[in-house]
Structures are given as C-alpha cells and as structure tokens.
Amino acid sequence: MSHTEWWASESFWRKTAIWVTAGSFVALIFLTLDSMSAITAGSTRVPAYSVINHRIDYVFDEKRNFQVPVIGVEEPLFGKTLTEAEAEALVSRGKLTTQAKNCMNCHTLLGNGAYYAPDLTKAWLDPSWGSKEVREQMMVDFLMNPQDRLHNGLGRRMPNLGITEDEARATVAFLKWMASIDTNGFPANFTPIDQSDPPAESGSPTQQQGG
Amino acid sequence: MAMPGTLDSANLNGGQKLAVKYFTVALALFGAQIVFGLLAGIQYLKPDFLYGVLDFSVNRMVHINALVVWLLFGFIGSSYWLLEDEAGIPVVGLRLGNLVFWVFTLAVAVVVVVYLLVQIGPGDHSTLWLINEGREYIEAPRWADIGIVACVLAFFFNVAATFAKGRYTGIGGVLVLDLIALFGIYLAGMFYTPNISVDQYWWWWVIHLWVEATWEVLVGCLMAYGLMKTLGVRRKIVETWLYIEVALMFGSGILGLGHHYFWIGTPEYWFTIGGFFSALEPIPLVAMVVHSVFDSGTHNMKNNNHPALAWIIAHAFGNFFGAGVWGFMHTLPQINLYTHGTQWSASHGHFAFFGAYATLVIAFFYLALQKWRGNVWMSGGLAGAWRWKWALGLLNLGMVGMVMAMLVAGYEQSQIERAIEGSSWVGYFVAQAHPWFVQGMWWRQVFGWMFAAGFVLLVWDLLTLGRSERRPAQVHAEPGVR
C-alpha cells in the first residue's frame, strides 16, 4: 500500500480525465460545425423549404444501398407555387403547430418521440392516403377532425386538437418538407404512395424497392 | 438533542435541511411519474380510457417530465446533502438556496397544472412560451426554461462558492465542473427553428449530454460519497475511481452522442463515430460495478446503512444493464435502423433511467433518513427491515418485468412493422395488433402495478424505518487501518 504505481495514481487519472474530456469536446465542436453546414435548409441533405413546390419521392439508391428522397417535377402543394420566403413561413407555421399540439408525445418525428402512433418522417408519402390526387385534402380533413375517422382496428384514435384549417395546411407543408430530408435510409424498406402520372403504367422503375 | 430514532432537523446541517426538502418533492414527483405512467399504459390496452380528457400525449408528457424533474430535485438535494461534509464549512448562500427551492417547486407545480388543464395551444410562439414547447423531455414552456436556468444558476453558485470558500475535495472539483457542463448544455435546447434536423441536433445535445454524460458523472460523485459513508472506503480510492470513471464516461459519452445522429438528416460519418463511441459507453459502467462490488467485498459487506448500500449496488448493476447493456444492444446503426422509435427504445429508457438514476437518489433518501433520525442504527437486525427489502424487490422486479415486456414488444415491432411491412402506417398498426405486442403491453401493465406497490412500500418505509431504533449507527473501522 505504501507505493502507488503511476498508472494507478490519482493525479494520473485526474489529468487523463481532463484531457480526454477536453479532447472529446473539441472534436464534438468541429463535428457540430460541419454537421450544421450539412443540415442547414437549402443544403443537399436538408432541402430548402420551397421543395414543397415539387414532387418528393423516396427511391432506392444503388450506390448508397438504401432509399433516398428524390425531388421531382413541379407539383405545388395545394396547387400554389410559393416563393422561398412564403414556403419557409408556411413550413414554420406547421412546425410550430406540431409543437403546440404536442404531436411528439404520441408520434415519432425522424424516429424520435413517443410510440403510441405512427412515425411521421414519411407521413407525406404513406400509401394510406390512397392516391396523390386526394392526399392533400384528406390530410387537412383528418388533422382538423380526426376523432370520427377510421384509424385502425385497435380503437386507438387521434383526439381533436382544435387544429384550424390554416394550421392543418401548414402542418401538411411541414410534413411534405420533412419527407424530403435525407435520413440515411430511415425508415427502411418503405413503399411510398404511387405518385406516377395517370398514363404511366403501374410498377414504374422509380417505385422499385430495395431489400 | 432528541433521542435516536426521532426525526429531528437538529440532526442535520444547513445544507442537509435544504436537501430533505428537495428529497420530499422528488419523492412526490416520483409518485406522480408512476401514476401517469400507469394511465398511459392503460391507454395502450383500452384506448378509450380518458380519451379527450387526459389523452395519451398528456399522460406521457407528465410521466417523462415528472421523471426529469424528480431526478433533478434528487440530484440537487443530494448535492446539498454532501456539500457541507465535503467542503467542511456551512453552505454559502443558504437563504438564497431556500428561496430558490420554493420558487422552483412553485414553478414546477404551475407547469404541471398547465400541462393537465390547458394541455395544448394554437400553433404559434405563444404556446411555446406559455403552455408547452412540444419537444420530448424538455416540454417545459420557455418561461419555465428561463426560470429553471435562474434556479440552477443560484444552486450552482451555492455549490461552487461553498467549495471555494471551504476546501475542494476531488468529489467537489468533479461536481462543480460537471454542474457547469450540465447547466450550460441546457441552454442548447432553448431556441426555436423551423428546421427539424437542426432542432433535433441541439435537442440531443441536451438530452444525451445530460443523460449519457453529465448525469452519469454526477451520480459517479454521489456514488463515491455514498461508498465512503456506508462502507467507510478511503477517499483516495473512491476519488481515483471517480477520475477513471470521468475519463471513460466523457471519453465515450461525448462523441457517443453520434448514435442519435444516424437518422435525423445529419451526415453518414456519424454512423462510424456514433457507433464506435457509443459502443464504448458501457465500459465506465462496468468500472462502476467493479468499484462498488470490490469495495463492498473488501469491507466484508460491513456497512452502516443496509438499505442505502443495497440501493447503491442496485444502481451499479442497474446502470450497467439498463444504460450499458440495453443501450449497447441497439446502438449500432445496423440494428438501430430497425429498432429506432420502437418499444425497444422504451425498454432501454425505462431500465436506464431507473437503473442509473432512480436507484441512487433512493440510496440518498436512506442516507438522509438515517442522519435525520440522529444517525441511528441501520445495519443488521433492524426492526421492520422487511419493508425496505420488499420495496427494493418489488421496485426492481417490477422494473425488470416492464423492461422485458417492452423488449419483447420491441422485437416484434422491429421485425414485423419495420423489416417485413416496411415501416408504413399499415405496417405500424399490424405490428401493434400482433398478439406478441399486445401481450407485451399487458405484462408491462401488470409489472407496472408491481412497481407501484413497491413505491407505496418505499414511502411507508421512508416514513417509518428506524423510528423504534435506539442504537447508534455502526462505526466504520478507522480509515487507513485496513
């Protein structure tokens, strides 16, 4: 007990703790700066808000070996092309609505939140909306009056959260924009709603699934 | 001075008198957490239960916010508990500390009442400022955020100033530096952005760097103190271990943050960084198990507070299994792609928060109770000892049962909803309706009631243990003799 080896000494571990912590934190700062530039709206990973003027799909990418969002032809939300500023204001209103209505304590967004209701990451692309022609209005109607609509066989229903029509439309804009974020293939093996134009035959190559 | 066994605040120093106030509120909020958890659990089984009155989102929000706040109150109380002992002088600014306690408690009460009665608001900034910020774990409205920062700054001042004026022990030094980080990080969550990727990036700074870094180091400090108190372990040993734990904890946990950056829009390099460093996160937790079990062994389990030491050991194992093993099981991106956002996460969350944090705060409840009753005997042959043993057993078994039930549900969900059904909404509900999932939710509820029974017993025990005891606490062998 009289002699303590250097590797077991208090001072060695105190210094190690300080250096390791400081080193890790500095590394995190640099990674954060890089990540922030990669996820600013308008970057390749997180598109500008005006992306809601376009069709958004989720297609398997051979090179990356998972599905990635693909921004397609012009397909304005609610038939109205928005400027970047208008689009940002609308998406922001939608994001505020998802926070103010506490969506995250039933749903997950980008996989984070609660597990009582489905994930909303690709809600815009979910096949449950039937067809792309009716999707926008169905989403608005559902958000405003979810309580008496068909949900599932479990009896679990979304409550009426007093969402106004403006808030509902903004929320749909937010969900459409969120579907355009490159989430490294999450969720996996997802089959998006058919967004091909009417004359196209079924099973078009863009709908092909990975896995 | 009152007879041993009598609850008398004259037995406590100034910081400890304040600590027991924090502990009392913490225990009440622990109870609230369990009640709202049970309500939310019932809604999985009977979705119409309280529908439109207290919806799942409300119950779940109160459930997790009560958790965060009761643990924070437990940590603040525990820090005040050891402060005068460690620094060797009375708390600097105790009056401020008391004032802050009442302001903090009142603010928490107002926030909870608004959660329950107002619940939600219009989709604009006023809701975020006044009602609910709508971001999991840190839902507290912005006014309360600012209040929390003010309160914890006052708390930090008290701790830092007391150590600075008295003496800085190793535990004191680590605690002060850790508190700076803990409170600095909270600020990272206090802003609004429409960009959900940026939002979740900083949101994880708060959640992860609290739960998987600064809180872990804080409980490391508390465990070091607890082992000195219960077993009489020498300071040099616990403080050397503490530094090792800090090095390993921050060395793995800070960049381990990357395991939350797989799927939120952030670049692919986080797969490697997050996967690698978070896979290392269990190592310090192994160290803590070795440390506590080894110390107990070298002291032949002779200790002056059986319930406190039992909860410290429960903490060491709970932290290792709940945070370490359960976290590791789904931390690599290759599996996390299928488990992220399923009951698998809920299983890990329950086990980790209970194993790593609830256990150690409960250990401090018992340390406090012993001294509050005049440093009364709490070793072998204690009258009514069945209560703390049954509380320990029911709480731990109830938790492990819930964790296992949710894990089975999570397996089923990741297989059926994610891998087979391709994560569509239909796939989600197919998986939710599967018998394996439904059974999991039923068993979770059953074990939830067991956990609640353990809590009732714990409260009863904390009100009564040692009351009829007259013997003074067992004395440790002189430090350095061994």
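The values are calculated or read from the model by the stated rules, or taken from the named source; none is laboratory data. Remember, it's a predicted structure, so these values are computed and weren't measured experimentally. Virtual Cβ from ideal backbone geometry, glycine too; neighbours counted across all protein chains shown.
Residue-by-condition table, conditions (1) away from chain B (no Cβ under 12 Å); (2) at pLDDT below 95; (3) surrounded by fewer than 18 Cβ atoms within 10 Å (Cβ to Cβ); (4) not in a loop (DSSP other than H, G, I, E, B):
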position	(1), (2), (3), (4)
A:133	yes, yes, yes, yes
A:136	yes, no, no, yes
A:147	no, yes, yes, no
A:150	no, yes, yes, no
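I need the full set of residues from region A:1-18 which are facing chain B (nearest Cβ under 8 Å) and in a helix (DSSP H, G or I), in order please.
A:8, A:10, A:13, A:14, A:16, A:17
Show the residue pairs that are 6+ apart or on different chains and have beta-carbon atoms under 9 Å apart, the first residue being within region B:385-410 and closer than 30 Å to residue B:469 by Cα, the second being polar (S, T, N, Q).
Sorted first by the residue in region B:385-410, then by its partner, the pairs are B:387/B:464; B:395/B:359; B:396/B:359.
For region B:116-136, does any single residue satisfy the condition of being away from every other protein chain (no Cβ under 12 Å), under 22 Å from residue A:113 (Cβ atoms) and not small (Gly, Ala, Ser)?
Yes: one or more hits.
Among all residue pairs at least 6 apart or on different chains, which show Cβ distances below 7 Å where the first residue, located in region A:167-185, is more than 10 Å from chain B (Cβ to nearest Cβ) and the second is among the acidic types (Asp, Glu)?
Correct list of pairs: A:172/A:136.
I'd like to know if region B:214-234 contains one or more residues that are in contact (Cβ under 8 Å) with a residue 12 or more places away in the chain, surrounded by 22 or more Cβ atoms within 10 Å (Cβ to Cβ) and facing chain A (nearest Cβ under 7 Å).
So far as region B:214-234 goes, no, none of its residues is in contact (Cβ under 8 Å) with a residue 12 or more places away in the chain, surrounded by 22 or more Cβ atoms within 10 Å (Cβ to Cβ) and facing chain A (nearest Cβ under 7 Å).
Considering only region B:327-382, how many residues are among the small types (Gly, Ala, Ser) and within 14 Å of chain A (Cβ to nearest Cβ)?
Matching residues across region B:327-382 total 5.
Which residue, of B:91, B:62, is of a type in the set (Val, Ile, Thr), surrounded by 18 or more Cβ atoms within 10 Å (Cβ to Cβ) and touching a Leu at 6+ places or on another chain (Cβ under 6 Å)?
B:91
Tell me yes or no: at least one residue of region B:55-68 is within 13 Å of another protein chain (Cβ to nearest Cβ), modelled with pLDDT of 95 or more and not in a helix (DSSP H, G or I).
Looking through region B:55-68, at least one residue is within 13 Å of another protein chain (Cβ to nearest Cβ), modelled with pLDDT of 95 or more and not in a helix (DSSP H, G or I).
Going through B:409, B:405 one at a time, which residue ends up being crowded, with 21+ Cβ neighbours inside 10 Å, at pLDDT 95 or above and either under 24 Å from residue B:30 (Cβ atoms) or in contact with a Leu (Cβ under 6 Å, 6 or more places away or on another chain) (or both)?
B:405
Scan (1) more than 14 Å from chain A (Cβ to nearest Cβ); (2) on the phi < 0 side of the Ramachandran plot; (3) not polar (S, T, N, Q) for the single condition residue B:93 breaks and write down its number.
Among (1) more than 14 Å from chain A (Cβ to nearest Cβ); (2) on the phi < 0 side of the Ramachandran plot; (3) not polar (S, T, N, Q), residue B:93 violates only (2).
For region B:454-482, which residues satisfy the criterion of being over 17 Å from residue B:368 (Cα atoms), surrounded by fewer than 15 Cβ atoms within 10 Å (Cβ to Cβ) and at pLDDT 95 or above?
The one that is over 17 Å from residue B:368 (Cα atoms), surrounded by fewer than 15 Cβ atoms within 10 Å (Cβ to Cβ) and at pLDDT 95 or above: B:456.
Could you check how many residues of region A:30-46 are surrounded by fewer than 21 Cβ atoms within 10 Å (Cβ to Cβ), touching a Phe, Trp or Tyr at 6+ places or on another chain (Cβ under 9 Å) and more than 11 Å from residue B:267 (Cα to Cα)?
Within region A:30-46, residues that are surrounded by fewer than 21 Cβ atoms within 10 Å (Cβ to Cβ), touching a Phe, Trp or Tyr at 6+ places or on another chain (Cβ under 9 Å) and more than 11 Å from residue B:267 (Cα to Cα) number 1.
Could you check region A:168-188 and list, in sequence order, the residues that are crowded, with 24+ Cβ neighbours inside 10 Å, assigned to a helix (DSSP H, G or I) and not aliphatic (A, V, I, L, M)?
Selection gives A:171, A:174, A:176, A:177.
Can you pull out the residues in region B:18-36 that are surrounded by 23 or more Cβ atoms within 10 Å (Cβ to Cβ), within 19 Å of residue B:457 (Cα to Cα) and small (Gly, Ala, Ser)?
Residue satisfying the conditions is B:26 alone.
Scan region A:189-207 and give yes if some residue there is at the interface with chain B (Cβ under 7 Å from one of its Cβ atoms), at pLDDT 95 or above and crowded, with 20+ Cβ neighbours inside 10 Å, otherwise no.
Looking through region A:189-207, at least one residue is at the interface with chain B (Cβ under 7 Å from one of its Cβ atoms), at pLDDT 95 or above and crowded, with 20+ Cβ neighbours inside 10 Å.
Scan region B:391-398 and give yes if some residue there is over 14 Å from residue B:314 (Cβ atoms), more than 9 Å from chain A (Cβ to nearest Cβ) and assigned to a helix (DSSP H, G or I), otherwise no.
Looking through region B:391-398, none of the residues is over 14 Å from residue B:314 (Cβ atoms), more than 9 Å from chain A (Cβ to nearest Cβ) and assigned to a helix (DSSP H, G or I).
For the condition outside any helix (DSSP H, G or I) and either outside the structural domain of residue A:134 (by TED's automatic domain parsing) or modelled with pLDDT under 95 (or both), what is the one hit in A:44, A:21?
Selected residue: A:44, the only one of A:44, A:21 that is outside any helix (DSSP H, G or I) and either outside the structural domain of residue A:134 (by TED's automatic domain parsing) or modelled with pLDDT under 95 (or both).
Give me a count of the residues in region B:22-53 that are within 13 Å of chain A (Cβ to nearest Cβ) and either within 13 Å of residue B:112 (Cα to Cα) or in a helix (DSSP H, G or I) (or both).
Result for region B:22-53: 9.
Hey, can you tell me all the residues within region B:404-416 that are more than 9 Å from chain A (Cβ to nearest Cβ) and closer than 17 Å to residue A:153 by Cα?
Once the filter is applied, which keeps residues that are more than 9 Å from chain A (Cβ to nearest Cβ) and closer than 17 Å to residue A:153 by Cα, region B:404-416 yields only B:416.
Given (1) under 18 Å from residue A:126 (Cα atoms); (2) hydrophobic (A, V, I, L, M, F, W, C); (3) not in a helix (DSSP H, G or I), identify the lone condition not met by residue A:52.
(3)
The rows are residues; the columns are (1) in a helix (DSSP H, G or I); (2) touching a strand residue (DSSP E or B) at 6+ places or on another chain (Cβ under 8 Å); (3) surrounded by 17 or more Cβ atoms within 10 Å (Cβ to Cβ).
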| position | (1), (2), (3) |
| --- | --- |
| B:155 | yes, no, yes |
| B:159 | yes, no, yes |
| B:164 | yes, no, no |
| B:167 | no, no, no |
| B:178 | yes, no, yes |
| B:181 | yes, no, yes |
| B:185 | yes, no, yes |
| B:193 | no, no, no |
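Read through the list (1) under 21 Å from residue A:99 (Cβ atoms); (2) surrounded by fewer than 19 Cβ atoms within 10 Å (Cβ to Cβ), then give the number of the only condition that residue A:155 fails.
(1)
Among the residues of region B:235-247, what is the count of those that are within 8 Å of another protein chain (Cβ to nearest Cβ) and among the hydrophobic types (A, V, I, L, M, F, W, C)?
The number of residues fulfilling the criteria is 3.
Can you find a residue that is within 30 Å of residue B:44 (Cβ to Cβ), touching a helix residue (DSSP H, G or I) at 6+ places or on another chain (Cβ under 7 Å) and part of a helix (DSSP H, G or I) anywhere in region B:367-380?
No, region B:367-380 has no match at all.
Mind listing whichever residues of region B:252-305 are among the β-branched types (Val, Ile, Thr) and either outside any helix (DSSP H, G or I) or facing another protein chain (nearest Cβ under 8 Å) (or both)?
Within region B:252-305, B:254, B:264, B:266, B:273 meet the criteria.
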